[in-house]
Amino acid sequence: MLEGRRLAKQNSPQATTLRTQGRARVRAALGRVRQAARREKGARFTALLHHIYAIDTLRAAFYDLERDAAPGVDGETWEHYGEDLEANLAKLSNRLRHGAYRPQPVRRVYIPKRDGKQRPIGVTTTEDRVVQKAVAWVSAQSSSRTFWTVPTGSA
C-alpha cells in the first residue's frame, strides 16, 4: 500500500517503487546535463547517447506516453508493450547501445477535415515513440537555446 491507498489492479508494490526511483534517477541525470549546458555556454555534447539508452530513461519515457494512442504498423498497443516491459526495454536499450535500432515504417492514416477533405497523419510504433520521447528529453536538457512554440494559422 502507498499513502494508505490500494494499488491499482495488477500493480505490485515493487514495480511502483522501481518506477518512482527510476524517474528520480532520470531527473537527476538530465539535471546534471542541464547544469553542464548552463555552466558551459556553447559547449558541444558528444556523449549523450548513454542517457538515451538508459533503462530508467526509456521506462520513464514509456510511462509518459499516451496510453490510448493508436498502434503503429506493428499493431503494438501501449498496454501490450507494457505486459513484458522490462524485457522489451532491455532489448530496445541493447539495440540503441549497439547502433542496431532502426525505426519502423510510419502507418499512414487519413482523418476527415471540416471541408470534406482528408488530412494524412503518421502513426509511429509504441517503441519508436519511447525512443523519440527519450531523445527529446535528453536533447532539450543539453540545448542552450530556448525553443518557443509558435502558433500556426492566420493571425
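The values are calculated or read from the model by the stated rules, or taken from the named source; none is laboratory data. Note that the structure is predicted; figures quoted are calculated from it, not measured. Note that we place each Cβ from the backbone using ideal geometry, even for glycine, and neighbour counts take in every protein chain shown.
Values computed for the structure shown
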| read-out | value |
| --- | --- |
| Meets criteria (out of contact with any Leu (no Cβ under 7 Å at 6 or more places or on another chain), over 16 Å from K133 (Cα atoms), without any contact (Cβ under 8 Å) to a residue 60 or more places away in the chain and surrounded by fewer than 16 Cβ atoms within 10 Å (Cβ to Cβ)) for E79 | yes |
| Residue within the range 123-132 that is more than 27 Å from I55 (Cβ to Cβ), surrounded by 10 or more Cβ atoms within 10 Å (Cβ to Cβ) and not β-branched (V, I, T) present | no |
| Helices (runs of 4 or more DSSP H) wholly inside the range 64-155 that include at least 1 residues being at pLDDT below 95 | 85-97, 126-142 |
| Number of the condition not met by V33 [criteria: (1) among the β-branched types (V, I, T); (2) surrounded by 15 or more Cβ atoms within 10 Å (Cβ to Cβ); (3) at pLDDT 60 or above] | (3) |
| Close pairs (6 angstrom Cβ cut-off, 6 or more residues apart or separate chains): free of Cβ contacts under 8 Å to residues at least 60 places away in the same chain in the range 117-131, part of a loop (DSSP other than H, G, I, E, B) and exposed (fewer than 11 other Cβ atoms within 10 Å of the Cβ) anywhere | R119/K113 |
| Filter result for the condition that a residue is of a type in the set (D, E, K, R), closer than 17 Å to Q141 by Cα, at pLDDT below 95 and assigned to a loop (DSSP other than H, G, I, E, B), over R38, R44 | R44 |
